[in-house]
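Q: Could you have a look at this structure, given as structure tokens, before my questions?
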Amino acid sequence: MATINKTPSSTWKAVIRKRGWPTTIKTFRTKRDAQDWARRTEDEMVRGMYIDRAGADRILLKNAMDRYLREVSSTKKPTTERAEKHKAKALKKKLGNYSLAAITPDLVAEYRDARLNEDKASNTVRLELSLLSHLFTIAIKEWRIGLFYNPVANIRKPTPPPGRDRRLSADEEQKLFKACDKHSNPMLSWIARIALYTGMRAGEIKTLTHKQVNMDNRTIHLTETKNGSIRTVPLTRAATEIFRIALNNPIRPIDTDLIFWGEPGRDGKRRPYEFRPAWTRTVKNAGIEGLRFHDLRHEAVSRLVEAGLGDQEVAAISGHKSMQMLKRYTHLRAEDLVERLDKLIG
């Protein structure tokens with residue numbers, strides 16, 4: 001049975017003590033509100049549906065997000081952790097002063113629309129909402145905060161952008177590597193060629209160490225990948241030759257096992273070669289429009305399919321976990337398939 005008392009500050013405190021349930025207390029401005037709340041809460045306890053909402057009422061989103069970054073994001077890869085910290089800033093700025101209980105689907109939808117109206121890319125907003133959704137999932141399942149549901153689950157998400165279909169023409173390839181070869185640092189040319197010959201991601205290439213390369217078997221063993229799956233990448237003859245040159249670089253410093261290294265930082269530690277500024281300048285100097293470094297991976301995957309490899313074989317090389325993602329990366333040129341059709345059909 002609930003006990004309702006007036007406090008010295010002229011508010012009304014409702015206290016529920018029911019066998020089998022923890023003591024539940026809440027303060028209201030009017031006695032009527034206290035009575036109504038006590039009646040509803042006792043009814044929920046009788047029906048076994050009571051959820052303690054006190055935590056959700058008290059915890060602000062900005063504080064919950066800080067806890068998420070501290071306990072959850074910190075366990076992820078450094079790149080993912082940095083990305084989530086960046087996404088959290090926008091969420092905390094617009095929704096940070098709301099309690100978790102006060103965040104409704106309508107409020108989340110308003111956030112979505114406001115971000116899109118700020119000309120933020122749909123994929124950026126989608127990833128921000130994904131972070132917010134996972135925070136609510138963790139709050140409900142692990143932190144045991146009294147929330148009825150995940151408000152992000154009940155709204156429309158921005159449509160993800162279509163996969164890029166940028167292909168590299170033979171003329172562009174010639175111009176690109178000619179420009180890369182002119183760069184003062186030969187590692188830029190080696191990295192670009194490896195990306196095109198293997199389909200490896202930029203992060204996978206620049207963090208490569210000598211022990212990951214097996215020249216006898218012509219393979220690269222990747223342990224740190226974007227999706228967390230270990231894989232072994234076979235090398236073509238052209239890729240093997242590039243690695244042979246890179247591994248025999250006569251100016252390689254003795255204080256690192258990196259194949260593509262940068263200058264020591266303030267702490268004296270060498271990190272991977274940050275080639276992107278040089279890449280951007282080189283592509284511009286070559287007069288090639290709209291080419292991103294990641295497009296070399298797209299091109300490599302498309303060429304593997306055009307060469308006749310099956311989807312499973314290509315996925316084993318590229319590291320795509322699903323055929324759907326693989327198809328987004330694969331763009332076949334009809335003119336390149338004509339010869340194969342002639343051979344197969346006549």
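Q: Can you check what the net charge comes to around Arg276, using other residues whose Cβ is under 12 Å from the Cβ of Arg276 (Lys, Arg +1; Asp, Glu -1)? Let's see the in-between values first.
A: Working: positive: Lys206, Arg281, Arg292; negative: Glu274.
Net charge in that neighbourhood comes out at +2.
Q: Here is a follow-up. Can you tell me the dipole magnitude for the chain around its Cα centre, using point charges on the Cβ only (Lys, Arg +1; Asp, Glu -1), in Debye to the nearest 20? Walk me through the numbers on the way to the answer.
A: Numbers: 66 positive and 42 negative charges, 340 e Å.
In debye, rounded to 20, the chain gives about 1640.
Q: On the protein heavy atoms, probe 1.4 angstrom, tell me the percent of accessible surface of the chain carried by carbon and sulfur. Mind showing how you got there, number by number?
A: Values: 10250 of 20370 Å².
Carbon plus sulfur share of accessible area: 50 percent.
Q: Please work out whether region 186-238 counts as rounded, prolate or oblate from its C-alpha gyration tensor, where a ≥ b ≥ c are the square roots of the eigenvalues and a/c under 1.5 means rounded, while otherwise a/b larger than b/c means prolate and anything else oblate? Could you put the intermediate results ahead of the total?
A: On the way: a/c = 1.56, a/b = 1.13, b/c = 1.38.
Judged from the Cα gyration tensor, region 186-238 comes out oblate (a/c at least 1.5, b/c at or above a/b).
Q: Per the helix-only calculation at 222 nm, which mean residue ellipticity applies to the chain, given -39500 (n - 2.57) for every DSSP H run of n ≥ 4 and division by its residues, nearest 500 deg cm²/dmol? Display every interim value, and only then the final one.
A: On the way: 15 runs with 174 residues, N = 346.
So the calculated ellipticity at 222 nm is -15500 deg cm²/dmol.
Q: Okay, next question. To the nearest 10 degrees, how steeply does helix 31-46 sit against the main Cα axis of the chain, on a 0 to 90 scale?
A: The answer is roughly 70 degrees.
Q: Over the chain, average the accessible area per residue using a 1.4 Å probe and give it in Å², no decimals. All intermediate terms of the calculation are to be shown ahead of the outcome.
A: Numbers: 20370 Å² over 346 residues.
I get 59 Å² per residue for the chain.
Q: Helix 276-285: angle to the longest alpha-carbon principal axis of the chain, degrees 0 to 90, nearest 10?
A: The helix 276-285 is inclined about 50 degrees to the chain.
Q: If the limit is 25 Å between Cα atoms, which of Lys89/Lys120; Lys76/Lys284; Lys18/Lys62; Lys85/Lys120; Lys93/Lys157; Lys77/Lys284 go over it?
A: From the list (Lys89/Lys120; Lys76/Lys284; Lys18/Lys62; Lys85/Lys120; Lys93/Lys157; Lys77/Lys284), the Cα-Cα distance tops 25 Å for Lys76/Lys284; Lys18/Lys62; Lys77/Lys284.
Q: I want the local charge near His86. Using Cβ-Cβ distances under 13 Å, sum +1 for each Lys or Arg and -1 for each Asp or Glu among the other residues.
A: Details: positive: Arg82, Lys85, Lys87, Lys89, Lys92, Lys93, Lys120; negative: Glu81, Glu84, Glu128.
Net local charge, His86 excluded: +4.
Q: Given Cα pairs under 8 Å that are at least 6 residues apart, what percent is the relative contact order of region 221-332? The partial results should precede the final answer.
A: Working: 73 pairs, mean separation 23.0, N = 112.
Across region 221-332, relative contact order equals 21 percent.
The values are calculated or read from the model by the stated rules, or taken from the named source; none is laboratory data. Keep in mind that what you see is a predicted model, and the values were worked out from it rather than measured. Quick reminder, even Gly has a Cβ in these numbers, built from the backbone with ideal geometry, and neighbours come from all protein chains shown. The area values use the complete protein model at the heavy-atom level, side chains included, leaving out ligands, DNA and RNA. Shrake-Rupley method; radii C 1.70, N 1.55, O 1.52, S 1.80 Å.
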